[in-house]
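A.B. asks: Pasting in a structure now, in structure tokens, and then I'll have a few things to ask.
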Amino acid sequence: MSNTLKIGVCQMTSIDDVDANVMQMENLVERLPQDVRVAFFPENCLYLRLKEGEQVKGISPDASSLEALAVVARRRSMHLHLGALPLRLEGHLYNSSVHITDRGEIRPSYQKMHLFDIQLENQAPVRESDIFRHGQNPKWIEVDGWKFGETICYDLRFSELFAMYARREADAILVPSSFLVKTGEA
């Protein structure tokens, strides 16, 4: 393991247009210094449903959007961590992280275990479980010997997941998040 790892944290405003989001992600990566080894993106980086009730189709691991990002990763010889996207795996939809290696390998890496189901006062309920299946296991990615425990947004509220990563000596824990205005305020 190297003593240092240069990372890029890419903040973006995602929309419900996958191609536009890919373009935004490519532009962010291109602006990073050449010695950055891994870039981290937020939850909903490839697709953010803007109209409540609109169907979430899901993205397959072999989607052209992921292939385009794999080309960027390979060309830049860097890893990309897509915080979370609606990934279709084995016929089911998961809020899932994806790790694209510096060789352009696309690896679904973590499926969100704790789905966000809440009812705020005077607000319509928010129920991720109406769309996504629960992930089953903690996971991590490794970059140049550095171990990153994976979580997504609401997982932050479940300390046992973080304690497990600490016991397994994770070097860092990823918490890609995308807050709604009302839930962020709450």
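The values are calculated or read from the model by the stated rules, or taken from the named source; none is laboratory data. Remember, predicted model here, so these are calculated numbers, not experimental data. Heads up, the Cβs are rebuilt from the backbone with ideal geometry, glycines too, and the neighbour counts pull from every protein chain shown. The area values use the complete protein model at the heavy-atom level, side chains included, leaving out ligands, DNA and RNA. Shrake-Rupley method; radii C 1.70, N 1.55, O 1.52, S 1.80 Å.
A.B. asks: Just to be sure before I move on: is GLY58 in contact with a strand residue (DSSP E or B) (Cβ under 7 Å, 6 or more places away or on another chain), on the phi > 0 side of the Ramachandran plot and not charged (D, E, K, R) in the structure I sent?
C.D. replies: yes
A.B. asks: Being closer than 24 Å to TYR47 by Cβ, of a type in the set (Asp, Glu) and at pLDDT 95 or above is true for just one of GLU128, GLU150. Which residue is that?
C.D. replies: Within the list GLU128, GLU150, the selection yields GLU150.
A.B. asks: Does at least one position in the range 75-86 carry a residue that is over 26 Å from LEU5 (Cβ atoms) and modelled with pLDDT under 95? Outline the logic, then answer.
C.D. replies: At the first step, the residues of the range 75-86 found to be over 26 Å from LEU5 (Cβ atoms) are 86.
In the following step, the residues that additionally are modelled with pLDDT under 95 were identified as 86.
Looking for residues that are over 26 Å from LEU5 (Cβ atoms) and modelled with pLDDT under 95, one finds at least one in the range 75-86, hence yes.
A.B. asks: So, one more: With respect to the numbered conditions (1) at pLDDT below 95; (2) closer than 25 Å to LEU5 by Cα; (3) open to solvent by 30 Å² or more (accessible area, probe 1.4 Å), which one is the sole condition not fulfilled by ARG157?
C.D. replies: Of everything listed in (1) at pLDDT below 95; (2) closer than 25 Å to LEU5 by Cα; (3) open to solvent by 30 Å² or more (accessible area, probe 1.4 Å), ARG157 misses just condition (2).
A.B. asks: Since GLY83 meets every condition but one in (1) touching a Gly at 6+ places or on another chain (Cβ under 9 Å); (2) under 23 Å from ARG127 (Cα atoms); (3) open to solvent by less than 50 Å² (accessible area, probe 1.4 Å); (4) in a strand (DSSP E or B), which condition does it not meet?
C.D. replies: Against the list (1) touching a Gly at 6+ places or on another chain (Cβ under 9 Å); (2) under 23 Å from ARG127 (Cα atoms); (3) open to solvent by less than 50 Å² (accessible area, probe 1.4 Å); (4) in a strand (DSSP E or B), GLY83 comes up short only on (1).
A.B. asks: On to the next question. Between a first residue in the range 104-128 that is aliphatic (A, V, I, L, M) and a second residue that is assigned to a loop (DSSP other than H, G, I, E, B) and crowded, with 16+ Cβ neighbours inside 10 Å, which pairs have beta carbons less than 7 Å apart while being 6 or more apart in sequence or on different chains?
C.D. replies: Short answer, once both residue conditions are applied: MET113/GLY135; LEU115/PHE132; VAL126/PHE116.
A.B. asks: What's the total number of residues in the range 115-153 that are among the charged types (D, E, K, R) and over 24 Å from ARG167 (Cβ atoms)?
C.D. replies: 6
A.B. asks: Then there's this: Which one is modelled with the lowest pLDDT among residues in the range 173-186 that are over 17 Å from CYS10 (Cα atoms) and hydrophobic (A, V, I, L, M, F, W, C)?
C.D. replies: By that ranking, first place goes to ALA186.
A.B. asks: Let me ask something else about it. Could you check how many residues of the range 100-125 are over 30 Å from VAL72 (Cα atoms) and either surrounded by 12 or more Cβ atoms within 10 Å (Cβ to Cβ) or touching a helix residue (DSSP H, G or I) at 6+ places or on another chain (Cβ under 6 Å) (or both)?
C.D. replies: Count: 7.
A.B. asks: Among the residues of the range 1-36, write down those that are open to solvent by less than 40 Å² (accessible area, probe 1.4 Å) and part of a strand (DSSP E or B).
C.D. replies: Result: GLY8, single match.
A.B. asks: So, one more: If SER64 satisfies all but one of (1) of a type outside the set (Lys, Arg); (2) over 13 Å from the mean Cα position of the chain (by Cα); (3) open to solvent by less than 70 Å² (accessible area, probe 1.4 Å), what's the number of the condition it fails?
C.D. replies: Failing condition for SER64: (3).
A.B. asks: Ok, one more. Mind listing whichever residues of the range 129-154 are surrounded by fewer than 17 Cβ atoms within 10 Å (Cβ to Cβ) and without any contact (Cβ under 8 Å) to a residue 40 or more places away in the chain?
C.D. replies: Matches in the range 129-154: SER129, ASP130, HIS134, GLN136, ASN137, GLU142, LYS147.
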